[in-house]
Every structure is written in structure tokens, then in C-alpha cells.
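A short worksheet on the structure shown next.
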Amino acid sequence: MERIIFAIILVVANWCVSPAAAQSYYEPERGTATRSALMDAIRPHVEWDLGQPIEFVVNDLRVSGDVAFASLAPQRPGGAPIDLRDTPWYRRNWDPNSDFMDFMDGTHTEALYRRMRDTWVAVHFAIGATDVWYAWDEYCPEYRSVIPEWCK
């Protein structure tokens, strides 16, 4: 019986110090000012590359203090997918000798934000990245609290 109690204590203690339990971020709820401000901060960047209008499916949204992280799926209103070949980004970068779109992973977008005074700013972002660019050693000291699984 003592072994069972000891085992239960070990499991509970291990759970309490796990990364999920030590999580220091939260997800702003739909309809909150913070969530709207974060979407509004990235929207002009995404619209510049993918065209207007844009709405986002939020895959992951994390806020901790004055930093935030978002993983988003841009789409046209009503859920229509975005054809990359019909975007301002494609027209600006089109090269008939290269199919650089082979190096993109669709339109998914990640962003790292910083709150400056009362405004959220999308400081770093990527559309269609094929790597975990935000886990870069230069970003981790500032953004570790919102991407702890990538910044060890």
C-alpha cells in the first residue's frame, strides 16, 4: 500500500513540474479586445502579400505579458481558400524560370508579437514557412514564454 501511495505522489509531482503545468501563457478568448488587437496587428502584413479581404482561422494563439505568438490559417471570408498564384505576393515575385512556390507550405502564417505601450505589433512573421523559424536562438530569450516547446 505504501508503494502505491508513493507511486501516486511521484506521478502527481511529475505532472506538476511538466511543461504543460508550468505553462506561462494563455489564449485570449474569441471576442476579446486582446484577440482582436492581435489579429488586427498581423492583418495588414498578410493582406499585403495575399490580398484583401482576409479572415483568420486561429490554430494557436498565446499571450504572456507583453509578448504573443500566433499560428494562423488565412482564408477569404466565408472559408474560401487562397490561391497563391492569384496574390500580390506572387505577382511581385513571379519568375518564369523558377517555381519558388515549391518551397512554400501554403498560406499558413506564424507571428511573434510585442505589446508596445497599448498597441500589439506583429514584429516577426512568415507566410508559408517550411521550418520552425520562430525557434531561432535570437528570438527565444524574448519569446520563450509563448513558445516553450521550441525554446528550451
Ranked by how many other beta carbons lie within 10 Å on average, peptides 71-80, 27-36 from highest
71-80, 27-36
Karplus-derived 3J(HN,Hα) from phi for the stretch 120-132 (6.51 cos²θ - 1.76 cosθ + 1.60, θ = phi - 60°), whole Hz, x at Gly and Pro, runs 7, 10, 7, 7, 9, 7, 8, 10, x, 5, 9, 9, 9
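Send over the semi-axes of the stretch 27-87's equivalent ellipsoid, whole angstrom and largest first, taken as the square roots of 5 times the C-alpha gyration tensor eigenvalues. Present the calculation step by step, with values, prior to reporting the outcome.
Working: eigenvalues 102, 26, 19 Å².
Equivalent ellipsoid semi-axes, largest first: 23, 12, 10 Å.
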Semi-axis lengths, Å, the stretch 38-150, gyration tensor of Cα atoms, sqrt of 5 times eigenvalues:
26, 17, 12
Share of accessible surface on carbon and sulfur in the stretch 20-152, whole %, 1.4 Å probe and ligands ignored, is 49 percent
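How much net charge surrounds residue 124 when only other residues with a Cβ under 15 Å from its Cβ are counted (Lys, Arg +1; Asp, Glu -1)?
Numbers: positive: 62, 114, 115, 144; negative: 49, 66, 110, 131, 137, 138, 142.
Charge balance in the 15 Å sphere: -3.
The values are calculated or read from the model by the stated rules, or taken from the named source; none is laboratory data. Since the model is a prediction, treat every value here as computed from it, not as a measurement. Cβ atoms come from the backbone with ideal geometry, glycine included; neighbour counts cover every protein chain shown. Each accessible area value is taken on the protein alone, full model and side chains, heavy atoms only, with ligands, DNA and RNA left out. Shrake-Rupley method; radii C 1.70, N 1.55, O 1.52, S 1.80 Å.
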